Amino acid sequence: MGQVIDLRLLREDPDTVRASQRARGADESLVDQLLAAEERRRSGIADFERARAEQNALGKQVAKASGEQKAALLATTRELAEKVKALKADSDAAAAELDQLTLRLDNVVETGTPPGGEDDYVVLREVGTARDFAAEGITPRDHLELGELLGAIDTERGAKVSGARFYFLTGVGARLELALLMCAVDQAVAAGFTPMITPTLVKPDVMRGTGFLGAHSDEIYHLPADELYLVGTSEVALAGYHSDEIIDLSAGPRRYAGWSACYRREAGSYGKDTRGIIRVHQFHKVEMFSYCRVEDAHEEHLRLLAWEEEMLAKVELPYRVIDVAAGDLGSSAARKYDCEAWVPSQGRYREVTSTSNCTTYQARRLGVRERNPQAGDGSTRHVATLNGTLATTRWIVAMLENHQQADGSVLVPKALQPYVGGLDVLPAPGAAG
């Protein structure tokens, strides 16, 4: 694992790091603990190196000496060897303490991020208009009722086979998910992304490196017999793809679109969204992932958001974009934008995409670097990583509800019709007229 935080930023501008902690509602005193630990580490290394230089010089004197002088020098050498050993142990302990403290520090938030917690987001824009079902004389059904009418979602048998929060997508439900994900892959490829089918089991150092084994580690499925973790997003595998590598970004960002099953324990969500497929243990997702130069990360983040909005336009959903507050970013993100689609049965917006700029936080932990283009001396620096949802199973919730008709049938968005054999409507054979 590489240097977890930018120690130079910590030394030269600790107030920025303190302000970030404050905006997150996190512990500001951690900054002072880190500064003290870093000073102990630096002075420990200096003391050890001074003593070792003295030991080397004394070794040369011993070689030239003889008799009583040599005996005295040998005695001093033995004392000095013990001192060097002790100083090395102290230096190593200080470095270990610093490492442990840095693991507790979240990424430094980007300037302009709203301070506060989960409810302190800022709405940037609302796009599209929610249907007025009352004016149409329709009582909107929720996605599960529609899914059952269409023969598209089966949560009863999902629970029978696997337990709560599992489901089968059946018939047109399975086709609709594949259509959505394939449309997302095609859009990503057209935008220059490399499509990837990624592993869904990863090693602990990769899971830790992406920042997922911190405060929310109880969300992750762990297989202790194999010492592997099930991913909640292909972001994890894609972040690990170039770990311990020097990559070439001279031609621009490296962009990957990862398709994978995703697994979340949903710990702490007892009683929330128990109906349907809004909050489930397993789902599919196409995730954009970008490696780019640090100075390009802000603009790359806005590009990822634009691609998410382009995809939402294709499935014809009304949505809003929010700027997520610092305390709700998670440990690795410096800035995060969510898109939330309108869900008629709930009369509110629900998250369908999220895009995060993780700056160098993940790359530092995973050792992903590039040749420094500004130095010209072959030296390296860490890159920035970013991620964003391009399509996922939860979109089916909003698609069914927003495109439903009075008889329980559901219109297929034009962009998806070629992916479902040209169907323009999903008929509801089980619906009462």
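Only the coordinates and a few stated rules stand behind these numbers; no lab work does. If you're wondering where the values come from, they're calculated on a predicted model, not measured in any experiment. Ideal geometry is used to build each Cβ from the backbone, glycine not excepted, and the neighbour counts take in all protein chains shown.
When the Cα atoms of the stretch 7-104 are aligned to their principal axes, the ranges along those axes come out at 68, 20, 14 Å in descending order. Ranking 224, 270, 196 by Cα position along the charge dipole of the chain, where only Lys, Arg, Asp and Glu carry charges on their C-beta atoms, puts 224 farthest toward the positive end. When each full DSSP H helix of the chain is screened for a Cα extent of at least 20 Å along its own axis and an average Kyte-Doolittle hydropathy of at least -1.0, the helices passing are 29-64, 67-104, 172-190, 297-314. Measuring between their Cα centroids, the stretch 238-260 and the stretch 333-381 lie 13 Å from each other. Relative intensity of the stretch 284-433 on a log10 scale, I(q)/I(0) at q = 0.12, 0.14, 0.17 Å⁻¹, equals -0.62, -0.76, -0.96, per a Debye sum over C-alpha point scatterers of equal strength in the absence of solvent.
Over the stretch 127-233, the fraction of Cα-Cα pairs per 10 Å bin, rounded to whole percents and listed from the shortest bin up, is 11, 22, 32, 27, 7, 1.
Note on the chain: dipole from Cβ charges, positive end direction compared against 184, 139, 100; the farthest Cα belongs to 100. Of all aspartates and glutamates in the structure, the ones whose alpha carbon falls short of 13 Å from that of residue 83, not counting any fewer than 8 places away in one chain, are 47, 49, 54. The relative contact order of the chain comes to 20 percent, based on Cα pairs under 8 Å that sit 6 or more residues apart. Work out the charge dipole of the stretch 40-99 with +1 on the Cβ of Lys and Arg and -1 on the Cβ of Asp and Glu about the Cα centre, then indicate which of 89, 46, 73 is farthest towards its positive end. Going by the Cα projections, it comes out as 73. Remark: the stretch 114-176 carries a charge dipole of roughly 400 debye about the Cα centre, counting +1 on each Lys and Arg Cβ and -1 on each Asp and Glu Cβ. When the chain is treated as a Gaussian network with alpha carbon springs shorter than 10 Å, the biggest mean-square fluctuation among 384, 375, 306 belongs to 375. Summing Cβ point charges (Lys, Arg +1; Asp, Glu -1) relative to the Cα centre of the chain gives a dipole of roughly 1180 debye.
Across the chain, Cα-Cα pairs more than 43 Å apart make up 26 percent of the total.
Taking each of 60/88; 285/414; 272/336; 160/336 in turn, the alpha-carbon distance tops 29 angstrom for 160/336.
Evaluate the charge dipole of the stretch 162-287 about its Cα centre and quote only its size in Debye, nearest 20, assuming +1 on the Cβ of each Lys and Arg and -1 on the Cβ of each Asp and Glu. Taking the Cα centre of the stretch 162-287 as origin, the dipole is about 520 debye. Counting every other Cβ atom within 10 Å of each residue's Cβ, 234, 20 order from fewest to most as 20, 234. Here is the list for the stretch 89-172: GluC sites (Glu not before Pro) lying in DSSP coil, each with at most 10 other C-beta atoms within 10 angstrom of its C-beta, are 118.
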